[in-house]
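The values are calculated or read from the model by the stated rules, or taken from the named source; none is laboratory data. Owing to the predicted nature of the structure, the values given are computational and were not obtained by experimental measurement. Cβ: placed from backbone, ideal geometry, glycine included. Neighbour counts: every protein chain shown. Calculation scope for accessible area: heavy atoms of the full protein, side chains included, ligands and nucleic acids excluded. Shrake-Rupley method; radii C 1.70, N 1.55, O 1.52, S 1.80 Å.
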Amino acid sequence: MTAGSMLLDAAAHAGFYGLMGRTSGPQIRGGEAAALLRLSPVPVEAPDDHFDILLAIDWLNVQRFAAELPLTPDSLIITDPDAGEVPAAIAAYGARIVELPMKELAKKIPGGRANMIALGAVAELVGLPVSAFTETLGKALKKKRQDALEASIAAVNAGAEAAKALQATARLGVPQGDLPPRWAITGNSAAGYGAIRGGVRFVAAYPITPATEMLEWMAPALQKVGGALVQAEDELASINMAIGASFGGTPSLTATSGPGLALMIEAIGLAVASETPVVVVDVMRGGPSTGIPTKTEQSDLNIALYGLHGDAPHLVLAPTSVADCLFTTQWAVHLAEAVQCPAIVLSDQSMAQTRAVIDRPADLAFVARRETVSALAAEETYKRYALTGTGVSPMAIPGTPGCQYTADGLEHSETGSPSSQASDHLAQLDKRLHKLTDYQYGDHWAVVEGEGDVAVLTWGSTTGAVREALALAQADGLKARLVAPRLLYPAQPEKMAEALDGVKRILVVEQSHLGQFHKYLRAEYDLPTRDVTLFNRPGPLPMRPGEIRQRLLSWR
Amino acid sequence: MDSKTAAPALTAKDFKSDLKPVWCPGCGDFTVLSSITKALAELGLRPEEVAVVSGIGCSSRLPAYLNTYGFHGVHGRALPTAAGLKLSRPELTVLAAGGDGDGYSIGGNHFLHAARRNADFTYVVMDNRVYGMTKGQPSPTTEPDWDSALTPGGTGLSPFRPLVIALASGANFVARAFSGDPNGTAEIIAEAIKHPGFSFIEVMSPCVTFRDEQRQWKTQVRPSPVPATSDRSQAARRLMTDDGFNIGILFKGDRTPYQPPLRARMTAADLEAEFAL
Ligand SMILES: Cc1ncc(C[n+]2csc(CCOP(=O)(O)OP(=O)(O)O)c2C)c(N)n1
Ligand code: SF4
């Protein structure tokens, strides 16, 4: 466990909320890396505008991601005298620099480590009781000897003691009394858990950053609940295995990132045509091509929405926070099974690899409930692709007597036999569209909050920053709404019109160089033609609450 | 009541669907279809217990002509689709079927890994050394000097050797059959289905439209002079002197099939404990 995780855990045990992301240089292992923490007495969903403390045990080549470590002149840089000069790109922020001999202090404690000294120092500076570390350290060191634990606690204490001489920066305040049950979870684990709660029992996948941890969490979890994760030879195999398992009646999923999604596209079209439910979680990273594997971006929206060949309507969803990764993935399983269609869930590196302290999510009723057929009346012929009122046709699961059929990616008639007739093509295209557009998705289609004649439209992980920006702007007297669609496809024009009723100006916030979300909104929704402003930038730099607030206030 | 014992015995005909094949008259795939139905009937299986998965090509049209469950997927991906089905529903009898282009070219990587993974299903390749469906291009098993519009003068490439690759990749059952001998093919298919693990059958199945000369295969094939071996290296040595016309089961291994246990020890709700603070 890293020092950053211990700090987050200790704060959580002391009653605080927080989140921790990570960033690093290009090395496979070792090299410069930073844990990016935000701690707060109230739940937080996005990185803050800047850091109050930057503590460096070593600098190495930290300048390579200096832009991801914004500081102000009020921030405090704590550096070990052994670590050398503060890199110019960091010093340029103008923050106060103090030295703390962490390595030297650690040497004085048998078994002491510099990162434990650092933990103690930060705890002291932000006002976190050192006692909060006892349980966290105990857990982290459970397999080691008692003296290792004692050495760590001594080091934390020594760090706290040494930091007393440093001038305090921002303090954490006091935790809320009466806390609800809380979890510490990453977006990747939350998505995996949501999938399992939704009923997924078969996963096939190929490792790829930043989706791998979702799969590594799911593999043992599936074993426990009677499912299985198969490591496939590539993404072509992954998606087709998942489709094969789903054809067999088992709710199935695969998870990947952009390059893997690109390989899966043909088979996702097969799932559309053969009406086989399957969930594909795409944990987005910087693209195109191999891009920036370890860093976030919201640039797979186009491929997820429009990448399939042919007219191939399918579900596209996006969670709006770490906690929402659970809800949205579970809902995606439910929807995919209900409408017998593939669902692409767009998570991203920033939420997937962020560990957050959240209030325990509510139990959800959304589970896989596929319409199946169990028996036929004598002499009745089973029609797998029957044209029903809802467009959803009861599916025969292999093993069901009398209902044998061949699922097909070739266009087909109602029975499933291949057909190139215009009438069958139109009927089946209509059916596959209407089962999606006629479905009642309810209020979960989007996060809709606030009031006023200004609206901010965003999606995915930038939602948290926008929500915080709106709270800040409200303190400045500006009222605005937040609309973040969770269900990106099929679009919900009537619900959007209702959410935007009375809105005069719209700010679109997204993390894509091409403004993919903005173009999607223009294509799928009736937005006012003027007074729609786009605030976008590519990854990996997060959209920060302060700059969104600035944009909004500049409109007055 | 056990429905299996009560149900009347089925014949090969009961495993055929009403759909008329799109194949050219004389195509070898007709008899492969018959051999499969015969094998399934002889094994006493019920149509609903069987699923046949395929990719794309003339040969890959086969599942719809059966009265079993079927999945006609995308080009080259029959093996992973079949694996996903078998691993999640181990009680089903699963077959994958397709052509040489589908299995050895676009799906070549899956062929290696299906053999290596050794899930318990049977793969029937109808090899006609040509892409039939796209009207006559060379496949990985085509002779180097076979002339085509796409490869004037031939590819100049030495052919892929399916049995060698299957054996080297870990397949647990390796055989060659000839569509002109439907009874022999049916026997091999039945043996393959019964044998645990990944069973591979290369069926020489002439394309009378684009490789008319393959009609001569019936004069060239012969039953393998030696019985199947369970020794992988002996099987490999036999393949070194094999001229491609020996018909029969080459190898029957004893590898344990890959199959995750699928046994629940707790509920999904129980997993919550690891996140709770
Ligand atoms: C991704 C993709 N690429 C190309 C094709 C076109 N295509 C259809 S069948 C086929 C080759 C089939 O050859 P083979 O598997 O040997 O089967 P045969 O028709 O000879 O039985 C090709 C290239 C396709 N359907 N999908
Ligand atoms: S083209 Fe060849 S492989 Fe295809 S159906 Fe005709 S004979 Fe058979």
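Residue by residue through region A:356-410, note down the ones that are within 12 Å of chain B (Cβ to nearest Cβ), touching a residue at least 12 places away in the same chain (Cβ under 8 Å) and among the charged types (D, E, K, R).
A:Asp359, A:Arg360, A:Arg384, A:Asp408
Could you figure out which of (1) among the basic types (Lys, Arg); (2) at pLDDT below 95; (3) under 14 Å from the mean Cα position of the chain (by Cα) isn't true of B:Arg61?
(2)
Among the numbered criteria (1) near ligand 1 (Cβ under 9 Å from one of its atoms); (2) part of a loop (DSSP other than H, G, I, E, B); (3) of a type in the set (S, T, N, Q), which one does B:Ser105 miss?
(2)
Looking only at region A:258-278, which residues are away from chain B (no Cβ under 14 Å) and touching a residue at least 60 places away in the same chain (Cβ under 8 Å)?
Matches in region A:258-278: A:Leu261 only.
Does region B:5-30 hold any residues that are outside any loop (DSSP other than H, G, I, E, B), farther than 22 Å from A:Leu410 by Cα and away from chain A (no Cβ under 13 Å), and which are they?
The answer is B:Thr5, B:Ala12, B:Lys13.
From the list A:Ala446, A:Ala475, A:Ala455, which residue is hydrophobic (A, V, I, L, M, F, W, C), surrounded by fewer than 17 Cβ atoms within 10 Å (Cβ to Cβ) and farther than 26 Å from A:Cys403 by Cα? Give the steps one after another, and end with the answer.
Values: A:Ala446 fails: surrounded by fewer than 17 Cβ atoms within 10 Å (Cβ to Cβ); A:Ala455 fails: surrounded by fewer than 17 Cβ atoms within 10 Å (Cβ to Cβ).
Testing whether each residue is hydrophobic (A, V, I, L, M, F, W, C), surrounded by fewer than 17 Cβ atoms within 10 Å (Cβ to Cβ) and farther than 26 Å from A:Cys403 by Cα leaves just A:Ala475.
Out of all the residues in region B:112-126, which are touching a helix residue (DSSP H, G or I) at 6+ places or on another chain (Cβ under 6 Å), of a type outside the set (Ser, Thr, Tyr) and in contact (Cβ under 8 Å) with a residue 60 or more places away in the chain? Walk me through how you get there before you give the answer.
Step one: filter region B:112-126 for residues touching a helix residue (DSSP H, G or I) at 6+ places or on another chain (Cβ under 6 Å), giving B:112, B:114-116, B:119, B:121-122, B:125-126.
Applying the additional criterion that residues be of a type outside the set (Ser, Thr, Tyr) yields B:112, B:114-116, B:119, B:121, B:125-126.
Scanning region B:112-126 gives B:Ala114, B:Ala115, B:Ala119, B:Phe121, B:Val125, B:Met126.
Between a residue in region B:92-111 that is within 16 Å of ligand 2 (Cβ to nearest atom) and any residue that is part of a strand (DSSP E or B) and among the acidic types (Asp, Glu), which pairs come within a Cβ distance under 6 Å, given they are 6 or more apart or on different chains?
From residues that are within 16 Å of ligand 2 (Cβ to nearest atom), the pairs are B:Asp100/B:Asp127.
Which one is nearest to B:Tyr258 (Cα to Cα) among residues in region B:194-219 that are more than 16 Å from ligand 1 (Cβ to nearest atom) and surrounded by 23 or more Cβ atoms within 10 Å (Cβ to Cβ)?
B:Gly197
Going by the conditions given, is B:Leu85 assigned to a helix (DSSP H, G or I), more than 16 Å from ligand 2 (Cβ to nearest atom), open to solvent by less than 10 Å² (accessible area, probe 1.4 Å) and in contact with a His (Cβ under 8 Å, 6 or more places away or on another chain)? Break it down stepwise before answering.
Details: assigned to a helix (DSSP H, G or I): yes; more than 16 Å from ligand 2 (Cβ to nearest atom): yes; open to solvent by less than 10 Å² (accessible area, probe 1.4 Å): yes; in contact with a His (Cβ under 8 Å, 6 or more places away or on another chain): no.
In short, no.
Determine which single condition B:Leu33 fails, assuming it passes every other condition in (1) within 12 Å of chain A (Cβ to nearest Cβ); (2) closer than 19 Å to B:Phe121 by Cβ; (3) within 16 Å of ligand 1 (Cβ to nearest atom); (4) free of Cβ contacts under 8 Å to residues at least 40 places away in the same chain.
Single failed check for B:Leu33: (1).
Being among the aliphatic types (A, V, I, L, M), more than 10 Å from ligand 1 (Cβ to nearest atom) and away from every other protein chain (no Cβ under 12 Å): is that true of B:Ala64 here?
no
For region B:154-183, which residues satisfy the criterion of being aliphatic (A, V, I, L, M), surrounded by fewer than 22 Cβ atoms within 10 Å (Cβ to Cβ) and over 13 Å from B:Pro140 (Cβ atoms)? Quick ask: steps written out before the conclusion?
Going through region B:154-183, the residues aliphatic (A, V, I, L, M) turn out to be B:157, B:163-168, B:171, B:174-175, B:177.
Subsequent filtering for residues that are surrounded by fewer than 22 Cβ atoms within 10 Å (Cβ to Cβ) retains B:157, B:164-165, B:168.
Answer for region B:154-183, where residues must be aliphatic (A, V, I, L, M), surrounded by fewer than 22 Cβ atoms within 10 Å (Cβ to Cβ) and over 13 Å from B:Pro140 (Cβ atoms): just B:Ala168.
Write out, first by first residue and then by second, each pair whose Cβ atoms fall under 7 Å of each other, whose residues are 6+ apart or on separate chains, and whose first residue, in region B:58-81, is assigned to a helix (DSSP H, G or I) while the second is near ligand 1 (Cβ under 10 Å from one of its atoms) and of a type in the set (D, E, K, R).
Within 7 Å, the pairs are B:Ser59/B:Asp29; B:Ser60/B:Asp102; B:Leu62/B:Asp29; B:Ala78/B:Asp102.
Among residues belonging to region A:187-245 that are more than 8 Å from every other protein chain (Cβ to nearest Cβ) and hydroxyl-bearing (Ser, Thr, Tyr), point out the one that is farthest from A:Arg370 (Cα to Cα).
Checked region A:187-245; the qualifying residue farthest from A:Arg370 (Cα to Cα) is A:Thr209.
Which residue pairs have Cβ atoms under 8 Å apart, sit 6 or more places apart or on different chains, and have a first residue in region A:333-345 that is within 25 Å of A:Arg285 (Cβ to Cβ) and a second that is assigned to a helix (DSSP H, G or I) and β-branched (Val, Ile, Thr)?
Taking only residues 6 or more apart or on different chains, the pairs are A:Pro342/A:Ile268; A:Pro342/A:Val272; A:Ala343/A:Val333; A:Ile344/A:Ile268; A:Val345/A:Thr328; A:Val345/A:Thr329.
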